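Below is one structure; the comments refer to it alone.
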Amino acid sequence: MRLEPFLEGLSFGEGPRWHEGRLWYSDFYVHQVRRVDESGHAETVVEVPGRPSGLGWRPDGTLLIVSMTDRRLMRFADGKLSVEAELSSLAPAPCNDMVVDGKGRAYVGNFGYDRHAGEAPRTTCLVRVDPDRSVHQAADGLMFPNGTVITPDGKTMIVGETFAHRLTAFDVAADGTLSNARVWAEIDGCYPDGICLDAE
């Protein structure tokens, strides 16, 4: 198999998601959410001043976007960008990746500390935003949660803890609460970031 570039000229691509026959992604240093078709033709969907990161869709098709530096969850619908939820009361540092479950609940990670200012690493929480826009702490004690998936049955969440070198799993209750934290996999020497589940 020969590997070839699919798309070039990115400043810093993040949060890739396949949706409606296109690859969507955030190019956060240029503040853009973009999408690209299978031929490699890319277009800008929306600009997000606070640097976009994680992407996800609610069952009704509403696009949710993590806005990193202002620690917000944004929504993009009918051509308009608006604030869905303020996350700063729970997220002490820039927000990053996200997963949206089958009921439209968004789970958002954050750095936990200002790594660019030289702060020492510390644990942080995963934030859950429900469809009614209420904000909750979903889990705590995570070291740079970054890259999150939910199994097809909706019952298990797996989170990449970048600076803990591991994947951590949780049971997901019907109301979206998380419990039974456990190590899913140790990844010595590597820094897990964006992840996805394959067909199996």
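The values are calculated or read from the model by the stated rules, or taken from the named source; none is laboratory data. Since this is a predicted model, take the numbers as computed values, not measurements. Heads up, the Cβs are rebuilt from the backbone with ideal geometry, glycines too, and the neighbour counts pull from every protein chain shown. Side chains included, ligands, DNA and RNA excluded: accessible areas come from the protein's heavy atoms. Shrake-Rupley method; radii C 1.70, N 1.55, O 1.52, S 1.80 Å.
Under 8 Å for C-alpha pairs, at least 6 residues apart: give me the relative contact order for region 79-125, rounded to a whole percent.
In percent, rounded to a whole number, it is 32.
Tell me the per residue accessible area of region 94-187 using a 1.4 Å probe; a whole number in Å² is fine.
42
For the chain, set up a Gaussian network in which alpha carbons nearer than 10 Å are linked by springs, and say which option among Phe144, Phe111, Phe12 fluctuates the most.
It is Phe12.
Can you tell me the relative contact order of the chain? Whole percent, Cα pairs under 8 Å, sequence separation 6 or more.
Relative contact order for the chain comes out at 11 percent.
May I ask which residue of Gly13, Ser89, Leu63 lies farthest towards the positive end of the charge dipole of region 1-129, with charges of +1 (Lys, Arg) and -1 (Asp, Glu) on Cβ and the Cα centre as origin?
With unit charges placed on the Cβ atoms, the residue in question is Ser89.
Given a 1.4 Å probe and every protein chain left where it sits, what share in percent of the accessible area of region 76-191 is carbon and sulfur?
50
For region 153-200, what is the charge dipole size about the Cα centre, in debye to the nearest 20, if Lys and Arg each add +1 at the Cβ and Asp and Glu each add -1 at the Cβ?
Dipole magnitude for region 153-200 comes out near 140 debye.
Where the convex hull is taken over the Cα atoms of region 115-200, what is its projected area averaged over directions, in nm²?
Approximately 6.9 nm², given one-decimal rounding.
Within region 10-30, whose backbone N sits under 17 Å from a point 7 Å along Cα→Cβ of Arg115?
Under cut-off, by backbone N: 12-16, 28-29.
Find which of Ala199, Trp24, Val45 sits farthest along the positive direction of the dipole of the chain, computed with +1 on the beta-carbon of Lys and Arg, -1 on that of Asp and Glu, about the Cα centre.
Projecting each Cα onto the dipole axis, the largest value belongs to Val45.
Let me know the charge dipole size of region 60-159 about its Cα centre in debye, to the nearest 20, where only the beta-carbon of Lys, Arg (+1) and Asp, Glu (-1) is charged.
In debye, rounded to 20, region 60-159 gives about 60.
How large is the convex hull of the Cα atoms of region 75-124 per residue, expressed in Å³ as a whole number?
104
For the chain, what are the per-bin percents of Cα-Cα distances with bins 10 Å wide, up to the bin holding the maximum?
Using 10 Å bins, I get a P(r) of 9, 37, 38, 16, 1 for the chain.
Taking θ = phi - 60°, what integer Hz values does the Karplus form 6.51 cos²θ - 1.76 cosθ + 1.60 yield along region 122-133, in sequence order, with x for Gly and Pro?
Calculated HN-Hα couplings, in order: 8, 6, 8, 10, 9, 9, 10, 10, 7, x, 7, 6 Hz.
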